[in-house]
Amino acid sequence: MRIVITTSRAGVTHQQLGMVFNPNTGNLSSRSDVLRSLTESFTYDKLDRLEQSQVTGLTALEMDYENNGNLVVGTHLVHFQIK
């Protein structure tokens, strides 16, 4: 399934984002910023956990998990807190 979201004002498009979902799993397969010509693709393991995120032309980010299923925190991950 593909979804495109366009944000515009006064006839000027400011943002156009596309998302593609796997119809079997519901996982996000890719997302794109059409105006900036950027695409990020995602791969998942057999448990539907994110394995890799790859922006076209950049080094892939790979995710590792502990035996208990927790995401291993490393320097490749961004830390944030929701308030």
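Being under 23 Å from Ser8 (Cβ atoms) and surrounded by 13 or more Cβ atoms within 10 Å (Cβ to Cβ) is the filter here; which residues of the stretch 36-53 pass it? Walk me through how you get there before you give the answer.
Taking the stretch 36-53 first, the residues under 23 Å from Ser8 (Cβ atoms) are 36-40.
If the condition is that a residue be under 23 Å from Ser8 (Cβ atoms) and surrounded by 13 or more Cβ atoms within 10 Å (Cβ to Cβ), then Leu38, Thr39, Glu40 are the ones that fit.
How about the stretch 1-55: which strands (runs of 3 or more DSSP E) wholly inside it have at least 3 residues that are of a type in the set (Val, Ile, Thr)?
Filter on the stretch 1-55 gives 2-9, 12-21.
Please find, among Leu17, Leu77, the residue that is among the aliphatic types (A, V, I, L, M) and modelled with pLDDT of 90 or more. Steps first, please.
Details: Leu77 fails: modelled with pLDDT of 90 or more.
Sole residue among the options that is among the aliphatic types (A, V, I, L, M) and modelled with pLDDT of 90 or more: Leu17.
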Inset, instruction - Tell me, please, whether a residue that is touching a strand residue (DSSP E or B) at 6+ places or on another chain (Cβ under 8 Å), basic (Lys, Arg) and modelled with pLDDT under 90 can be found in the stretch 2-12. - result: yes
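The values are calculated or read from the model by the stated rules, or taken from the named source; none is laboratory data. Nothing here was measured: the structure is a model prediction, and the numbers come from that model. For neighbour counting, all protein chains shown are included, and Cβ atoms are generated from backbone atoms with ideal geometry for every residue, glycine included.
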